[in-house]
Amino acid sequence: MADRMARRRVKLYALNADRQWDDRGTGHVTSSYVERLKGMSLLVRAESDGSLLLESRIQADTAYQKQQGTLIVWSEGENFDLALSFQEKAGCDEIWEKICQVQGKDPSVDITQDIVEESEDERFDDVSDSNPWVELPPCEIGRLEDINEVISNCLHSPVRREKLAIALENEGYVKKLVSVFHTCEDLENMEGLHLLYEIFKNIFLLNKNALFEIMFADDTIFDIVGCLEYDPSSPYPKRHRQYLKSIAKFKEVIPIENSELLSKIHQTYRVQYIQDVVLPTPAVFEENMLSTLSSFIFFNKVEIVSLIQEDERFLSELFHQLGGDEDVPTEKRRDLVLFLKEFCTFSQTLQPTSREAFFKTLSSLGVLSALEITLGLDDAVIKAASIDILSYIVEFSPSMVREYMMQQQHKTEEEQYLLNIIIEQMVVDSDPEMGGAVQLMGILRILIDPENMMATVTKSERADFLAFFYKHSMHYLVAPLLSNTVGDEVGREDYPSAQLLALILELLAFCVEHHTYHIKNYIVQRDLLKRILVLMKSKHTFLVLS
């Protein structure tokens, strides 16, 4: 029973108006006859409370598609796409068989219907649509022009696009085109290479997952990128393959033993590069033509994050080397921090519940104590990436970070509190643009903002954290202000000092607005206002205004 439950465990996704996938919840899928809908239906019940997430009748004429072995995707009416992402391939196969049974199809197919989106008139106009196959010319150099014509003629009719995609897949045509590409490259046949560019650009526009899986396989993807180097509108071929092979060598910062994870990371990186750099900008295309490509990347990223999250050994080792281990060379530490930043960026594709689990995993493994060390390192790349990571965490869960900070008052020296490290890094930022300082100020502002603090029956985060901040950290924040206004004169008048003081005044203004009595007592007891007024004498107008 438990085995069957695991097989049938799914995530339900719906495509929103921005063509992004929204997570509608995790549950278990079954198929049974629903009296109300008068037919066999797919039902998904939520894992958390058993509520019904989906009740969808399997219609005889709906086109269901099976993708990547564990996804079933279909449209319910106009502009409403749904996807079931299965935990296990076996569960996906079981439900797929049920759908095919209802529609009278062979379960070996990856799509159950020819997709029809045309009006009656168009259908009668185009008699050839009734012909079940698209006839592809033999795959030879001399026929590239005909091949290009057949493919581009099919793009305008949804029925023919569907048939073309099936023909390309069934005849192993992508591999045949790749072999023609090798010949053209060896012969330096530019005309042929330009035609192959057009052919593959149009194959991308078919927007078919089954074709993407063939094109993005390890043994084919570099050839596909190669075909897309020969853009007829460009005087010289691009060098995408060279870039992907040399510059983008994936640095295994810590050996990844899971081969599936490793090839997913490689594949995602390359496909993302094809989408962002290699293909012409989508404005040239019809909109939504590449929605399946975006979905392919999206589900890959979701899978990468969950595979890494499950690998406790990998993450523990990452944080050990990042924070605890003294002997890690700077170069290596830089790669570790950049990897963690990339990993956090991928997590942005997750839904809130999964992201919460993701950040809790990072927190339990010590991400914040590692950042205390990396923020203070004298390396611009490490520092910038560390600030970005901290930003992701604080923006998603300021309460988790506050809780960690308040626990430090019993264990650590005051200047080593994470909150004071943030303030110190803001003060010592050597960048003339003050980029890091501005970002750190934003982080600080979120942390001391009472609007996002929670109050429960047992404890008030607002009272506890503000008391902690004013007792242990406020004097670090105002120290540059006090040291620069000794004896009623402005001390240093250089631009960076003035910029820093302006940032500090902005934060103090935020405190006055949001912290009422804490800040009032602090200003009165420290005679702070008198010191702030000294800055009116500054030669920097923006500082006087602050």
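The values are calculated or read from the model by the stated rules, or taken from the named source; none is laboratory data. From a predicted model like this one, the values you see are computed outputs, not experimental measurements. Here the Cβ is made from the backbone with ideal geometry for all residues, glycine too, and neighbour counts use every protein chain on show. Heavy atoms of the whole protein, side chains included, go into the accessibility calculation; ligands, DNA and RNA do not. Shrake-Rupley method; radii C 1.70, N 1.55, O 1.52, S 1.80 Å.
Please count how many residues of segment 397-408 are over 11 Å from residue 447 (Cα atoms) and surrounded by 16 or more Cβ atoms within 10 Å (Cβ to Cβ).
Looking only at that region, the number is 3.
Condition check ((1) among the small types (Gly, Ala, Ser); (2) assigned to a helix (DSSP H, G or I); (3) out of contact with any Lys or Arg (no Cβ under 9 Å at 6 or more places or on another chain)) across all residues:
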position	(1), (2), (3)
327	no, no, yes
339	no, yes, no
391	yes, yes, yes
399	yes, yes, yes
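Please determine, by comparing only the residues of segment 81-116 that are open to solvent by 50 Å² or more (accessible area, probe 1.4 Å) and of a type in the set (S, T, N, Q), which one is farthest from the chain's Cα centre (by Cα).
This residue is 101.
Which of the residues that make up segment 304-342 are crowded, with 18+ Cβ neighbours inside 10 Å, under 15 Å from residue 262 (Cα atoms) and of a type outside the set (A, V, I, L, M, F, W, C)?
Within segment 304-342, just 309 meets the criteria.
With respect to residue 382, determine if the residue is farther than 30 Å from residue 15 by Cα, modelled with pLDDT of 85 or more and either open to solvent by less than 10 Å² (accessible area, probe 1.4 Å) or outside any helix (DSSP H, G or I) (or both).
Yes: the conditions hold for residue 382.
In this structure, is residue 46 in contact with a strand residue (DSSP E or B) (Cβ under 6 Å, 6 or more places away or on another chain), over 30 Å from residue 169 (Cα atoms) and small (Gly, Ala, Ser)?
It is true that residue 46 is in contact with a strand residue (DSSP E or B) (Cβ under 6 Å, 6 or more places away or on another chain), over 30 Å from residue 169 (Cα atoms) and small (Gly, Ala, Ser).
Tell me yes or no: at least one residue of segment 259-273 is under 23 Å from residue 304 (Cα atoms), modelled with pLDDT of 80 or more, of a type outside the set (S, T, N, Q) and in a loop (DSSP other than H, G, I, E, B).
No, segment 259-273 has no match at all.
Just to be sure before I move on: is residue 377 outside any helix (DSSP H, G or I) and either in contact (Cβ under 8 Å) with a residue 12 or more places away in the chain or basic (Lys, Arg) (or both) in the structure I sent?
Taking the combined requirement at face value, the residue satisfies it.
Give the residues of segment 429-458 that are closer than 22 Å to residue 511 by Cα, among the β-branched types (Val, Ile, Thr) and either without any contact (Cβ under 8 Å) to a residue 60 or more places away in the chain or not in a helix (DSSP H, G or I) (or both), sorted by residue number.
443, 446, 448
Out of all the residues in segment 195-204, is one or more under 15 Å from residue 152 (Cα atoms), open to solvent by less than 30 Å² (accessible area, probe 1.4 Å) and assigned to a loop (DSSP other than H, G, I, E, B)?
No, segment 195-204 contains no residue that is under 15 Å from residue 152 (Cα atoms), open to solvent by less than 30 Å² (accessible area, probe 1.4 Å) and assigned to a loop (DSSP other than H, G, I, E, B).
Would you be able to tell me the number of residues in segment 9-39 that are within 28 Å of residue 292 (Cα to Cα), over 26 Å from the mean Cα position of the chain (by Cα) and either open to solvent by less than 50 Å² (accessible area, probe 1.4 Å) or hydrophobic (A, V, I, L, M, F, W, C) (or both)?
2
State the number of residues belonging to segment 148-164 that are part of a helix (DSSP H, G or I) and either open to solvent by 60 Å² or more (accessible area, probe 1.4 Å) or touching a helix residue (DSSP H, G or I) at 6+ places or on another chain (Cβ under 6 Å) (or both).
Number of matching residues: 10.
Could you list, in sequence order, all residues of segment 407-423 that are part of a helix (DSSP H, G or I) and more than 31 Å from the chain's Cα centre (by Cα)?
Result: 407, 408, 409, 410, 414, 415, 416.
Quick one: residue 252 ticks every box in (1) assigned to a loop (DSSP other than H, G, I, E, B); (2) over 26 Å from residue 157 (Cα atoms); (3) touching a residue at least 40 places away in the same chain (Cβ under 8 Å) except a single one, so which number is it?
(3)
Residues being among the acidic types (Asp, Glu), out of contact with any helix residue (DSSP H, G or I) (no Cβ under 7 Å at 6 or more places or on another chain) and outside any loop (DSSP other than H, G, I, E, B): count how many of those fall in segment 213-248.
Total meeting the criteria: 1.
Of the conditions (1) farther than 22 Å from residue 372 by Cα; (2) under 34 Å from the mean Cα position of the chain (by Cα); (3) at pLDDT below 80; (4) open to solvent by less than 70 Å² (accessible area, probe 1.4 Å), residue 510 fails just one. Which one is it?
(3)
For segment 1-16, what are the residues that are small (Gly, Ala, Ser) and without any contact (Cβ under 8 Å) to a residue 40 or more places away in the chain?
Within segment 1-16, just 2 meets the criteria.
On the given criteria, is residue 179 loosely packed, with under 14 Cβ neighbours inside 10 Å, of a type in the set (Ser, Thr, Tyr) and not in a helix (DSSP H, G or I)?
no
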